[in-house]
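Working notes, beginning with the structure itself.
The values are calculated or read from the model by the stated rules, or taken from the named source; none is laboratory data. For clarity, every value in this text was computed on a predicted model and none was experimentally measured. Note that each Cβ is placed from the backbone with ideal geometry, even for glycine, and that neighbours are counted across all protein chains shown.
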Number of protein chains: 2
Amino acid sequence: MKKPLILISNDDSIFAGGIKALVEVAQTLGEVIVVAPALPQSAQSHAITISGPLRLKKSDIFQGVEAYTVNGTPVDSIKMANYVILKDRKPDIVLSGINHGSNASINILYSGTMAAAMEGSLENINSIGFSLLDYSPTADFEPCKPFVKTIIEQVLENGIEHSNLLNVNIPNLPTDEIKGIRICRQAMGIWKESFVEKEDPFGRPYYWLTGAFVSDDEGDDSDIYALNEGYISVVPSMHDLTAYKSMDWMKESFRGYE
Amino acid sequence: MKKPLILISNDDSIFAGGIKALVEVAQTLGEVIVVAPALPQSAQSHAITISGPLRLKKSDIFQGVEAYTVNGTPVDSIKMANYVILKDRKPDIVLSGINHGSNASINILYSGTMAAAMEGSLENINSIGFSLLDYSPTADFEPCKPFVKTIIEQVLENGIEHSNLLNVNIPNLPTDEIKGIRICRQAMGIWKESFVEKEDPFGRPYYWLTGAFVSDDEGDDSDIYALNEGYISVVPSMHDLTAYKSMDWMKESFRGYE
């Protein structure tokens, strides 16, 4: 069997520990190409750069792996990988991460890591975003590597039916304390924000966003629940945001305006 | 009945023609507060500013309307509106737009306008993003105003069942040529990108993203179809990205790893 072509990106930049760990796992499974932001792009979501130019720079950061930095967002990186670098070659899989910090629940919406994976899925490529529940720049990714490898192997071998995007979150535990892998739904949740208000050196006020994630989702089938129990959560995801359940009611509500 | 509190934002900045039109419509329906980006933020998606400070500036751009600019993204604007300005007052509805250009189909994922509306929906507020199919900065929003008003009135009066987020796109036609309002699903589609490659004044290469939206969705129930037929498309939307259809298959595929 031909070695699969594995495209890797992230949002913490090519210099982060999480992408290094992901490259190390992927190298055992196929041909790896890395196209990742030159600077941290956390919480950049699905943003793209349209009002300015992008630069592409070859990087020798990973031994034996073709790698590039882009001075843009995670989604810019995937677009440049597909349309500038790979062109007629299509990746067999897109991997993003491993993110330093959780992308469970609604964090999928803010996350640059998950947006890179979603951009892969929009191109009809099976795509997986990985996140470790440790925000530290020096987080230890070794314990989760066997699970990351298993999930990539499964998808390379069997694909994903009725989805082409997985949101994988990993509890920050030693390998033998991770209880297993659970297929979950996205938990409901919200960021209860607060803004720190201070004055800059010139006496002008500024605000700095800070907040706390809160979930009152009580189901036992959510990603947050699985993570709290010590399991890796895998949420099959999609980019069709239509609220199909609402269609009939909406049609009734807008009857007469058609 | 108490006048509803209407929070308005957008992604084309507070100086755009589209938000002016939306404010004018909303003023006839309730108390309006505007919190919008100081600079254009198209294609910023659900990005938020976490690595730097935000500034809030009062604006008298709209006569008789409390208005502020934020030097950040559309989602920053909604967060500052809710947590810094309004605090214990909760808007009855969040409106975003009117965007200069389409946010139909998968454009909902890239759009700052729709992200502002989605941020409202995450706060459990009924939220509507409006977009006119004309990218021009001098687009004429007068013809669509009666329809925009009708949709806001409907939602203020009846709410939205099984959803709290509407993606409304409006064909660029005279009022009497708009055929009506259709409830739709999000069309499948993709941006086929190309990057213009040039050299900067110093001889260094750069890339500039450009592309064409392509949809091979042949259904007659999609937003793209309705717009092509001359209808306004209304897609009830959601922020739960779980691919529920995939759950059973995924559980089977990962049996043994639980």
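For B:Ser253, indicate whether it is more than 30 Å from A:Ile85 (Cα to Cα) and either at pLDDT 95 or above or more than 9 Å from every other protein chain (Cβ to nearest Cβ) (or both).
Numbers: more than 30 Å from A:Ile85 (Cα to Cα): yes; either at pLDDT 95 or above or more than 9 Å from every other protein chain (Cβ to nearest Cβ) (or both): no.
Answer is no for this residue.
What is the number of the single condition among (1) farther than 23 Å from A:Tyr110 by Cβ; (2) surrounded by fewer than 18 Cβ atoms within 10 Å (Cβ to Cβ) that B:Val32 does not meet?
(2)
Restricting the first residue to the stretch B:157-183 and requiring it to be on the phi < 0 side of the Ramachandran plot and more than 13 Å from chain A (Cβ to nearest Cβ), which pairs with a second residue that is in a loop (DSSP other than H, G, I, E, B) and basic (Lys, Arg) meet a Cβ separation below 9 Å and a spacing of at least six or different chains?
B:Pro171/B:Lys179; B:Leu173/B:Lys179
For the stretch B:212-244, which residues satisfy the criterion of being in contact with a strand residue (DSSP E or B) (Cβ under 7 Å, 6 or more places away or on another chain), more than 8 Å from every other protein chain (Cβ to nearest Cβ) and either over 22 Å from A:Val70 (Cβ atoms) or surrounded by 14 or more Cβ atoms within 10 Å (Cβ to Cβ) (or both)?
Listed by number, the residues that qualify are B:Phe213, B:Val214, B:Asp221, B:Ser222, B:Asp223, B:Ala226, B:Leu227, B:Ile232, B:Ser233.
What is the one condition in (1) touching a residue at least 12 places away in the same chain (Cβ under 8 Å); (2) polar (S, T, N, Q); (3) surrounded by fewer than 24 Cβ atoms within 10 Å (Cβ to Cβ) that A:Ser51 does not satisfy?
A:Ser51 satisfies every listed condition except (1).
Between a residue in the stretch A:78-100 that is more than 28 Å from A:Asp140 (Cα to Cα) and in contact (Cβ under 8 Å) with a residue 12 or more places away in the chain and any residue that is of a type in the set (Asp, Glu) and surrounded by 24 or more Cβ atoms within 10 Å (Cβ to Cβ), which pairs come within a Cβ distance under 7 Å, given they are 6 or more apart or on different chains?
A:Lys79/A:Glu119
If you take the residues in the stretch B:115-154 that are of a type in the set (A, V, I, L, M) and facing another protein chain (nearest Cβ under 9 Å), which one is surrounded by the fewest Cβ atoms within 10 Å (Cβ to Cβ)?
The first filter runs over the stretch B:115-154 and keeps only residues of a type in the set (A, V, I, L, M), leaving B:115-118, B:122, B:125, B:128, B:132-133, B:139, B:148, B:151-152.
So of that shortlist, the ones also facing another protein chain (nearest Cβ under 9 Å) come out as B:115, B:118, B:122, B:151.
Numbers: B:Ala115: 31, B:Met118: 30, B:Leu122: 23, B:Ile151: 21.
Among residues in the stretch B:115-154 that are of a type in the set (A, V, I, L, M) and facing another protein chain (nearest Cβ under 9 Å), the one surrounded by the fewest Cβ atoms within 10 Å (Cβ to Cβ) is B:Ile151.
Regarding B:Ile14, is this residue in contact (Cβ under 8 Å) with a residue 40 or more places away in the chain, over 21 Å from A:Ile50 (Cα atoms) and of a type in the set (Val, Ile, Thr)?
Details: in contact (Cβ under 8 Å) with a residue 40 or more places away in the chain: yes; over 21 Å from A:Ile50 (Cα atoms): no; of a type in the set (Val, Ile, Thr): yes.
Answer is no for this residue.
Looking at (1) more than 8 Å from chain B (Cβ to nearest Cβ); (2) surrounded by fewer than 19 Cβ atoms within 10 Å (Cβ to Cβ); (3) in contact with an Asp or Glu (Cβ under 7 Å, 6 or more places away or on another chain), find the lone condition where A:Pro205 falls short.
So the condition that A:Pro205 fails would be (1).
Given (1) surrounded by fewer than 24 Cβ atoms within 10 Å (Cβ to Cβ); (2) within 21 Å of B:Ala212 (Cβ to Cβ), identify the lone condition not met by A:Gly101.
All conditions are met except number (2).
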